[in-house]
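Asker: Input: one structure, supplied below.
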Amino acid sequence: MTPGNNGASTPEDDDPFGYLYADGQANGAQPPSGGYGYPGSVNRVRAVGQRQYGQPAAQAPTAAYGQVPHQQAYGQPNAHYAAPETVPGGTPTTRQAPVGAGGGRGRGPNTKGLLIGAIAVVAAVVIGIGIAMTGGNSDGSKNGAQAGSSPSSAQSTSPSQSASQSADDTKLPTIDAKALRLEGTATTASDVKGASAGGGVYVAGFNNVGAAVTWSVDVPSTGKYTLHTGYGVPGVDATATLTVNGTPQTTPLKLKNWAQAPQGDWEKGWTKTYNYIQLNKGTNTVRISCEQGNQCNAYLDQLWLTKGWSN
């Protein structure tokens, strides 16, 4: 090219959009052929059923330059659109339900599982509270804490502190005076009224050293028991020695005048006391005797056991 000569073609000829400018139109720039007046545009719209897969697509007529393409009315089918499912080999018409859907409808969160989990937690808490409320020490540990002494120490107190027999205690043995094994000067009598033993029989002649009564008793388990003694005194206190399975207890059996009977009044002197002892499962020997240092002026009425150390 030479100065002032831009060549055979001008920028307007190279510019595909030159026809849009006044100078381009003056130089004869023409809009390019194509769809809707845009250069290089391709109209690939096909009438329904016209497109055939696997064959070359036919060139559909394009709208003339400056004309507005046909507008489809809303709600009416488009003649240039073929739904994929209407074309052979097209996309299947069946819609797949989303994951977790049932009956063609989506499902929300699994609230049933959450509800079951919440109920299980509440049930566990309620059970734990029930166990804590109903739990407690056994009779043995509870009564042992109240006793506050070792099994080797005999306990004795007033009948006002003696506990009544429970339903479980009725299964433990009770013995009347006439069924006890007697030693020394001990004998049975029934002259004084008020004894609780069968026939009003009690053990007399106990106020001599060497006099004794022995009870061979069977218990279902090893543990703590309370020995209850029914007796009578003539308005004065008495004592005796308690021996369990050959071992004398360190504290005497206290036969006090808990009935507050006048001195010499045997009939009003009937009362009871209790002692804490330890027994073994099976047969045990309980012995009450008058030894040196005891004041043994008393009648013995009944003996019975309760489970644990209770007062």
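The values are calculated or read from the model by the stated rules, or taken from the named source; none is laboratory data. Predicted model, so just to flag it, every value in this text is computed and none were measured. Cβ coordinates were reconstructed from backbone atoms using ideal geometry, including for glycine residues, and neighbour counts include every protein chain displayed. Quick note on the areas: whole protein, heavy atoms, side chains included, nothing else; ligands and nucleic acids left out. Shrake-Rupley method; radii C 1.70, N 1.55, O 1.52, S 1.80 Å.
Asker: Among the residues of the range 271-303, which ones are open to solvent by 30 Å² or more (accessible area, probe 1.4 Å) and outside any loop (DSSP other than H, G, I, E, B)?
Answerer: Of everything in the range 271-303, those that are open to solvent by 30 Å² or more (accessible area, probe 1.4 Å) and outside any loop (DSSP other than H, G, I, E, B) turn out to be Lys272, Gln278, Thr283, Thr285, Arg287, Tyr299, Gln302.
Asker: Cβ-Cβ distance below 6 Å, separation of 6 or more or different chains: which pairs start in the range 179-200 with a residue that is within 11 Å of Leu300 (Cα to Cα) and open to solvent by less than 50 Å² (accessible area, probe 1.4 Å) and end on one that is assigned to a loop (DSSP other than H, G, I, E, B) and not hydroxyl-bearing (Ser, Thr, Tyr)?
Answerer: Once the first residue is within 11 Å of Leu300 (Cα to Cα) and open to solvent by less than 50 Å² (accessible area, probe 1.4 Å) and sits in the range 179-200, its partners that are assigned to a loop (DSSP other than H, G, I, E, B) and not hydroxyl-bearing (Ser, Thr, Tyr) give Ala186/Gly205; Ala186/Phe206; Ala186/Ala211.
Asker: Does the range 205-226 hold any residues that are more than 55 Å from the chain's Cα centre (by Cα) and closer than 20 Å to Trp304 by Cβ, and which are they?
Answerer: Within the range 205-226, Phe206, Ala212 meet the criteria.
Asker: Also, quick follow-up: Going through the range 214-229 one residue at a time, which ones are surrounded by fewer than 23 Cβ atoms within 10 Å (Cβ to Cβ) and of a type outside the set (Lys, Arg)?
Answerer: Thr214, Trp215, Ser216, Val217, Asp218, Val219, Pro220, Ser221, Thr222, Gly223, His228
Asker: Is at least one residue of the range 243-264 surrounded by 13 or more Cβ atoms within 10 Å (Cβ to Cβ), within 17 Å of Ile175 (Cα to Cα) and within 46 Å of the chain's Cα centre (by Cα)?
Answerer: Within the range 243-264, one or more residues are surrounded by 13 or more Cβ atoms within 10 Å (Cβ to Cβ), within 17 Å of Ile175 (Cα to Cα) and within 46 Å of the chain's Cα centre (by Cα).
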